[in-house]
Amino acid sequence: MDQAREVWREFFHLPMELKQAYANSPKTYEGYGSRLGVEKGAILDWSDYYFLHYLPLCLKDYNKWPALPASCREVINEYGKQLVMLAGRLMKILSVNLGLGEDYLQNAFGGEDIGACLRVNFYPKCPQPDLTLGLSSHSDPGGMTLLLPDNHVPGLQVRKDGNWITVKPAPHAFIVNIGDQIQILSNAIYKSVEHRVIVNSSKERVSLAFFYNPKSDIPIGPAKELVTPGNPAPYTPMTFDQYRLFIRTMGPQGKSHVDSLMSPR
Ligand code: OGA
Ligand code: NI
């Protein structure tokens, strides 16, 4: 975990020319760049990021991963392998907690054909931290996020009962966020968490967000077992591809995306 965070810190400290060699593709967002484009005139987030795919294997492309620092690809690869296994174990626990068979969620995600990707965030020092955010309020669109925060610098805030609560990083612990797809599959028994990142005037911050997602082209809707007269199914099934497109067009807007999937009752 420490090695993974530190190779990325080194990458973001490289001169701009070297990082620009991995400039992100506007279509797939893979590579190095600044925040996803939103409409003109919007307040931009104070962060750089690097986005890459682990799964499905057809999207995994080492050429799009940094070659510097020298150990980067090897460390990132091992990190991803371990996190896919950890996420698979958590999926079983979440399924059992819902009263479903332990493989329910994994199967609903497409079994072996799940998606996994990494977004590394780099939040530089910000001279006027009260004027912007590191990352605007959003819920993660995918299944589940394993977040490795900076060990020294807090920044992540989660919304609870209308208040923003700053999450204290604990050494060698992941923060696990439920994403919108698990909210939908669980018929909102699990709620995706609304969160944002604040910036800091004296310290930079690095975080690794590992996203564990359903296969992108299967419809995701509430588990039949969880739809009851007292808890009817509010969500119109949608594939993760469709959902992601919808979010990228609109930009981050709290939890409004998943809420808007609710069909009128
Ligand atoms: C994200 C995210 C939080 C953080 O990348 O989706 O919420 O602490 N990151 O950087
Ligand atoms: Ni997030």
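Remarks
- When restricted to residues that are farther than 14 Å from Leu105 by Cβ and among the aliphatic types (A, V, I, L, M), the stretch 202-241 contains 6.
- So Ile175, is it within 11 Å of ligand 2 (Cβ to nearest atom) and either at pLDDT 95 or above or touching a His at 6+ places or on another chain (Cβ under 7 Å) (or both): yes
- Look at the stretch 86-105: where a residue is touching a residue at least 40 places away in the same chain (Cβ under 8 Å) and a partner is of a type in the set (Asp, Glu) and assigned to a helix (DSSP H, G or I), sitting 6+ places away or on another chain with Cβ atoms under 7 Å, you get Leu100/Glu225.
- The C-beta contact set for the stretch 160-182 (first residue touching a residue at least 12 places away in the same chain (Cβ under 8 Å), second residue open to solvent by 40 Å² or more (accessible area, probe 1.4 Å) and of a type in the set (Asp, Glu), distance under 8 angstrom, 6+ apart or interchain) comprises His172/Asp2.
- Taking the stretch 13-59 as the range and being at pLDDT below 90, of a type in the set (A, V, I, L, M) and more than 16 Å from ligand 1 (Cβ to nearest atom) as the test, the residues that pass are Ala42, Ile43.
- Qualifying residues in the stretch 179-237 (those that are of a type in the set (Asp, Glu) and within 14 Å of the chain's Cα centre (by Cα)) - the one nearest to Tyr54 (Cα to Cα): Asp180
- Condition met for Glu194 (within 14 Å of ligand 2 (Cβ to nearest atom), out of contact with any Asp or Glu (no Cβ under 7 Å at 6 or more places or on another chain) and closer than 30 Å to Pro127 by Cβ): yes
- The set of residues from the stretch 149-182 being near ligand 1 (Cβ under 9 Å from one of its atoms) and hydrophobic (A, V, I, L, M, F, W, C) comprises Leu156, Val167, Ile175.
- Matching residues in the stretch 187-215 - criterion: being surrounded by fewer than 23 Cβ atoms within 10 Å (Cβ to Cβ) and small (Gly, Ala, Ser): Ala188, Ser201, Ser202, Ala209
The values are calculated or read from the model by the stated rules, or taken from the named source; none is laboratory data. Everything quoted here is computed from the prediction, not taken from an experiment. Neighbour counts run over all protein chains shown; Cβ positions are idealised from the backbone, glycine included. These accessible areas exclude ligands, DNA and RNA; they are computed on the full protein's heavy atoms, side chains included. Shrake-Rupley method; radii C 1.70, N 1.55, O 1.52, S 1.80 Å.
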